[in-house]
Structures are given as C-alpha cells and as structure tokens.
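The values are calculated or read from the model by the stated rules, or taken from the named source; none is laboratory data. The shown structure was predicted, so the numbers you read here are calculated from the model rather than taken from an experiment. Because the Cβ atoms are built from the backbone with ideal geometry, glycine has one as well, and the counts that use them run over all protein chains shown.
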Amino acid sequence: MTTRTNFKAYSSTMMKVFSQDQCQELVLAAEEAMWRTGTDFYDKESLEILKKAGCWVDGKRVRIPAHITEQALKTCQKHVVLCNSRTGARELFVEGNNAYFGSGPCTPFTRNPFTNERHRATRQSVGWATKVLDALPNIDYAMSLGIVQDVPLLISDRHEFEQQILNTDKPIITVCVDAWGQADVIKMAELVAGGEEELRKNPFICLYAEPISPGIHCLEAAQKLVMGAKKGLPTIYTPCIMAGGTAPATMAGVMVQGLCESLSGLVLSQCAREGAPFIMGGVYTVLDMKTTIFSYGAPELHLLLAGLADVAHYLNIPMFGTAGCTDSCVIDEQAGIEAALSIAMTNMSGANLNHDTGYSEYGTTSNLDLVVIADEILGMARRLTKGIHVDQETLALEVIEKVGPGGNFADEDHTLEHIEENYAPRLVNRAARNIWEKAGSKTLTQVANEKVRDIINHHEPIPLPKDVAAKIREIVENAVGHVPGEDE
Amino acid sequence: MANFEELSKSVISGNLAKVKKVTQALIDEGVSPLDIINLGLIAGMGVVGARFKNGEMYVPEVLVAARSMRAGIELVQPLIASEDMPSAGKVLLGTVKGDLHDIGKNLVGMMLESRGYTVINAGIDVSSEKFVQFIKEHKPDILAMSALLTTTMLGMKDTIELMKEEGLKDQVKVIIGGAPISNDFADEVGADGFAPDAASAVDLCNRLLA
Ligand code: B12
C-alpha cells in the first residue's frame, strides 16, 4: 500500500497564455482606456443610466471611472446556468472552467446539404441546422446558423427563433435584429417557460449584443443590453475586433481594446440592474492584410481567445468564445485544420460558452457538414482535457503483474472496466484499407454529409406542446419590423 | 539629378520624406508637374497596386505608399490648374442607413484613392435622401454603397430608385458590396456592379469608367 499526503494532482490538461500578473496588467490597461479615451453610447437611456451612476458623459462619449468598473465586476452574477427549454433542467453551468460549444448565428448564406448549392439562408435551412445541432451529443446549445431571408427581413429574428424552438430543447442563444425583435423573442421564450418568473428562474435563452469596434455602443446593442439586464436574463456582449483594422496590430493592444468595450458594456448592464448576469464575449482576430477578411481561422483567433479566457477566469466572470469555424469556402483539409486547432485550444483554455461551430467562408456561410465534423473534434478535444487519472487502480500494478511479460491485456476485466475512459470515434476512419474501400472509400466530409442528411430525414426533436407552438406562431405573424436606426 | 524612377521607388517603399524631397527636386529642376504626377507618383502606385494583387504587398504597405504619394501630389498641386489635375474618377462612398459596419468601406475608399480616384466619403448610416443630396452636390462618376447586413442592404434599392426618380441614375454608375451582397442581388436592385473586395472594387470602377 502507498500513502500520499500534501500531494498535488491535475485532473485536466492545462494551458495559460497569461499569468495572474499579466491579467491584472491587461485589466488595468482597459480601465485606463475606459477612462482616458472612453467609449461612445448612441442610446439616450443608456447615457442617462451611466450619468446617474457617476460616469462622465460628454455628448455620446462616456468616460467610466475605474471604481465604477471595479464595482460592476463585483456585482455581476458569476453563477450563470442555461436550461433545457422543455423541462427546465439546469444543463449548462456557464462559469468557472467549464467549456461548452455550439454553433454561430446569422450567416447570410448557407450550403444546402442535399444539393451542395450555396444560397441565402431560409426558414427551412435554419430548421434543418437546429435539428442537426439537437441530434449531436457534443453540441451543447444552438445558435441559428443562418439569417432567415425568405420572410420580411426586418422580422427575420422572430422566424429564426421559431425554427429554433421547434427543433431543439437545448438552450438557445438568440441574436435579434433590434430591441423590438428581442422583446418578441423574450415573449416567446416566456410562453415556453411558463411565464416571466419561470424564465428568469431557469433561463433557456441567452441574449446577445455587439459593440461596434472600435469603441461604439450603437443604439440596438445598448438597448438590447439594458433590456437583458432589466429582465435578469443572461446577456452576451461581444466585441468582434480585428488586429490592424478595428484594433491595434499588437495582440496585447487587441486585448485592451476588446476588454475596454466589453467592460464598458458590463458597467452599463450593472448600472441598469445590479446583479444582472453578464457574459463577456469575444471574437478577437486579425484583419488579413492580403485579402482584407476578418479571419475565422487565424491562429491569432485561438491565441487571443485563450488569453481572454485567462482574463475571464482572473475576473471570475463568464466568457463567450469562438471555435469550430474556418475561412475555407468549402469543407476541406483547411476547414478541418482550422476547426480542430480552434476547438482543441479553446477547450483547453476553459472558455465557457463557445460559438461559431459550422461557420465557413470567414463567417458568411454556414455548413452543417462542418458542424458534424466539429462534433467529432469536440469528442477528441474533451478526451484531451479529461487528462490522465492517476491512482492505485489506474496505475494497474495488479494487472501488470497478472498478465506478465508476453501476456495479453485484451481479455482482462481491468481492461473492460476502464475501456470507456478512451474516446470511441463515431466519424473518423480507423478501419483497415480494404474495409474502408469496401465501404465506398469515403472521405470524412462525405461521411459527415451522410450523417447530416440522415439527421434531417430521421431525427425527431422533442416537440413543443401544440398550444405553445400556436401562440408562438401568432407572435411571429403579428411581428412588426422597424427600419434599422429607428428610435422609440 | 532627380528622376522619375527614384520617385516611383520612393512611393513603392512608402518613404514619405524621400517622396517629398525628390518631388521638390523635380519641381526645382523645372520638370512638368503633370509628368511628375503621372510618370513618378502614379506610376509608383501602379506598381504597388499590381504587387498587392499578386499578394506581394500587404494592406498597410499599400496605404503607407498611398500616403507618401499624396504628400508628393500636395507639393505639385498648386502648380496645376484644378481642371487639369489627373483623376481616375470621382467616387461617392458610404455605408447605407442603419448599418454601422465601416472598415470594409473605408478600405475600399483607401484603395480607390491609392489608384488615383477622388473619393468622397459620406460615412456610415447614410439614408437614400442623403446619398441623392451628396450626388447633386459632388457630381460623382460612381456611387459606391456598402452594406454588411441583410436588413440594411434593402436601402441600396431605395437609393437607386430615388436616383431614378430624380433623373440621376443615367449620369452616375452604382456599385455595391459587403458580406451579404452578391452579383444576383446587384442585378436585382439595378446596380451596375458588385465586387467582393477592395482590390476588385478598383478594377470594377476602372471597367465602368473605361
Ligand atoms: C467585424 C464585424 C462586425 C463589427 C463591425 C465593426 C466595424 N467597425 O465595422 C461589429 C461587431 C460592430 C458588428 C456588428 C454587427 N454585426 Co457584424 N460582422 C462583422 C464580421 C465578422 C466581419 C466584417 C468585416 O469587417 N470584415 C472585414 C472587412 C474589411 O471586410 P468587408 O466589410 O466585407 O469589406 C470588404 C468587402 O466586402 C468589400 N466591400 C465592402 N463594402 C463595399 C462596397 C462596395 C461598393 C464594394 C464594391 C465592395 C465593398 O470590400 C471590403 C474590403 O475588401 C462579419 C462577418 C463577415 N465575414 O463579413 C459580421 C457580419 C456582417 N455581422 C453580422 C451581424 C448579424 C451583425 C449585427 C447585426 C449583430 C448584432 N445583432 O448585434 C451587428 C450590426 C450592427 C449594425 N447596426 O450595423 C452578420 C450579418 C448577418 C446579416 N444580417 O446579413 C455577419 C455576416 C456575421 C454573421 N455571420 O453573423 N459586426
């Protein structure tokens, strides 16, 4: 028998981009930028809220004293849980070092899994996408993977949400066009949850807004953030910044610019309603200087977001990250490389709620084959972070002794008991060449596409009660669109 | 003696101080101001444009080169009557109403300027009425509209319709771009062209004004 005392064990792989001291340095620099440079708010109510809280308001420009930021960091809710929409079961604990993964929102285009045609996203394509997300075991929540365009465009968000809620019971992150859209979606979610209080108690939706980098909180974003805070619903606030374009070229400068925008949003949410659950977001990447794209496959994307995860852990606030996406226009080797690197690295970093799985063509076209491939990558990535468990049982001295030199472990009970610790692939090929050839010599993308079609044809999501679905339809049908930029 | 090749090379490397020095030297030597622009400054930018297209130069290098070219032009400009100033064309550029995405639009503007276009930047969140007002005021050859959202791209059609109503559509070419825009959409709304990025936007303008 061995005894161990005062012993330190790791239960996962570990990765850090920044030390605690560096995290502090970045946050303090962001506080400095929030005060020295400030950010602009385009919403009147937000300006009033911030002014009342003691921020320095000069026209649209708001300078936030550091003590207000520090107070907001204290008051925001750290324990954020997203629930199942049918049962209310508390499923995703968006906090600490938990890493969840899901799809991305609002791509203008999608690739049809049956015809391979690239076309504008529709009600049907969003419904199909949600079904696929629903069926995959490693996908934890759903974003729309398309902006519905076969309906009046100014109310596309209501149609999007309807397709989502009909096709999955997983938590939904909803990206609305404007405050009116968000109000309608919250109404629909309250119907599903059984009331405003029920939704707040066990929220299955998470709201989403973006500042306009560098340094602008536009009308829609600020209004959506304030509404989320007042409703007490988790709200993601996520700068999408590119080094050399809407942020400095240096990676540390990107961190400061992004944190400055996120934390300004945090201050607004906390001043609107103390304790509001706030999720600090990020799509931090580079402006590709040859092609001018906002890159979804650059190594800097993964590096910056792993760095942001360190800062989020340091601040103890939930974070929204990005992974499983590609700049490639089709699902090829490039897509596989970019998706795998980002998922593995993001998962190791412990970023909490990670989106954009299934984005191809630098975020303009969703692709369900990639979602299925990402589900497999996620299985592998989670095996990596599960690490290696070391104790008397797993050191396996008994069975090593029993089998002895020249023996075989395959038929040992110990083997059978522990086999599940290892990842069993569902998609990638490990078969011998002849067998693979007999099965049609298929590439990973072909196998993934077959699975997508199979899910769309055969998977049946848990249905919504008929009366609830009917009431949701009514809200969609009565939705009124507002021209962008319109106030009141 | 200063020469055009030296000037072009200084533009290509974005060496602002040198561009100024060589330009001044050429002026002092009595070289024709138009030749300084066409054979030195713009010739240099021509090389930069070609290299960018081949992936041999990056966006910031192109923009730095363009800045040095402009510094040279500023020195020569007072010596030329304004109607003789060479310009590839005048482009009115803006992001449509309700849309605040602007980095892409700005890159299009910078690339156009770097290739000798005069660019009037109308900014973001520009309504149809504003576009039309700007057109009347500045009389551009081309109107370039940017939209990154499916909700705001509808504004492009409104602007084109309003231009027709005001009888402006025949005098001004319209080009559009941004993530949700496609060739089909350009045809649908009656635009004269679409380009997927800044470099091809320049080619498109060249084609339309040829
Ligand atoms: C960065 C970004 C932002 C930033 C923009 C910051 C800024 N200062 O511009 C922020 C975070 C603010 C933002 C906000 C939003 N965004 Co956004 N954003 C993007 C992203 C990731 C990259 C865009 C970009 O800047 N690319 C780099 C630049 C250099 O490229 P570009 O703009 O495409 O321009 C090039 C070409 O298109 C072309 N071009 C552009 N204009 C023109 C004009 C002419 C005439 C020509 C010829 C060519 C041309 O040349 C340019 C240079 O090469 C895109 C995804 C994507 N890949 O496009 C989403 C994207 C455009 N956004 C999207 C959405 C949904 C939004 C929001 C509505 C989200 C929300 N609900 O809060 C808000 C809208 C805010 C508003 N009212 O405008 C969706 C659009 C969906 C739709 N409705 O069509 C996209 C496609 C992302 C996605 N898949 O969900 N966004």
Can you work out which of the residues in the stretch B:92-114 that are within 9 Å of chain A (Cβ to nearest Cβ) and acidic (Asp, Glu) is surrounded by the most Cβ atoms within 10 Å (Cβ to Cβ)?
B:Asp99
Residues (assigned to a helix (DSSP H, G or I) and touching a strand residue (DSSP E or B) at 6+ places or on another chain (Cβ under 9 Å)) located in the stretch A:353-376:
A:Glu361, A:Tyr362, A:Gly363, A:Leu368, A:Asp369, A:Leu370, A:Val371, A:Ala374, A:Asp375
So which helices (runs of 4 or more DSSP H) stay within the stretch A:114-207 end to end and still have 1 or more residues that are within 25 Å of A:Gln77 (Cβ to Cβ)?
A:156-167, A:179-193, A:196-201
Out of the residues in the stretch A:208-242 meeting the condition of being within 14 Å of another protein chain (Cβ to nearest Cβ) and in a strand (DSSP E or B), tell me which one is farthest from the ligand (Cβ to nearest atom).
A:His217
Given (1) more than 26 Å from the chain's Cα centre (by Cα); (2) within 16 Å of the ligand (Cβ to nearest atom), A:Thr39 misses just (1)
Search the stretch A:167-184 for residues being surrounded by 23 or more Cβ atoms within 10 Å (Cβ to Cβ) and at pLDDT 95 or above, and hand back the single one that is nearest to the other protein chains (Cβ to nearest Cβ).
A:Ile173
Condition met for A:Gln149 (within 16 Å of the ligand (Cβ to nearest atom) and either within 19 Å of the chain's Cα centre (by Cα) or not small (Gly, Ala, Ser) (or both)):
yes
Checking the structure you have, find out if any residue of the stretch A:250-267 is modelled with pLDDT of 95 or more, within 12 Å of the ligand (Cβ to nearest atom), buried (at least 24 other Cβ atoms within 10 Å of the Cβ) and in a loop (DSSP other than H, G, I, E, B).
no
List the strands (runs of 3 or more DSSP E) inside the stretch B:115-204, counting only whole elements, that have at least 2 residues being more than 9 Å from the ligand (Cβ to nearest atom) and more than 14 Å from chain A (Cβ to nearest Cβ).
B:117-126
Give me a count of the residues in the stretch A:174-207 that are among the β-branched types (Val, Ile, Thr) and either near the ligand (Cβ under 9 Å from one of its atoms) or not assigned by TED's automatic domain parsing to the domain that holds A:Thr130 (or both).
2
Quick test for you: out of A:Gln223, A:Gln270, pick the one residue that is modelled with pLDDT of 95 or more and closer than 24 Å to A:Val185 by Cα.
A:Gln270
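Among the residues of the stretch B:70-84, is any in contact with an Asp or Glu (Cβ under 9 Å, 6 or more places away or on another chain) and of a type outside the set (Ser, Thr, Tyr)?
Yes, some residue in the stretch B:70-84 is in contact with an Asp or Glu (Cβ under 9 Å, 6 or more places away or on another chain) and of a type outside the set (Ser, Thr, Tyr).
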Residue by residue through the stretch B:55-103, note down the ones that are over 15 Å from the mean Cα position of the chain (by Cα), within 18 Å of B:Asp203 (Cβ to Cβ) and within 16 Å of the ligand (Cβ to nearest atom).
B:Gly55, B:Met57
Return the residues of the stretch B:123-139 that are over 18 Å from B:Ile103 (Cα atoms) and surrounded by fewer than 22 Cβ atoms within 10 Å (Cβ to Cβ); say none if nothing qualifies.
B:Ser127, B:Ser128, B:Glu129, B:Lys130, B:Val132, B:Gln133, B:Phe134, B:Lys136, B:Glu137, B:His138, B:Lys139
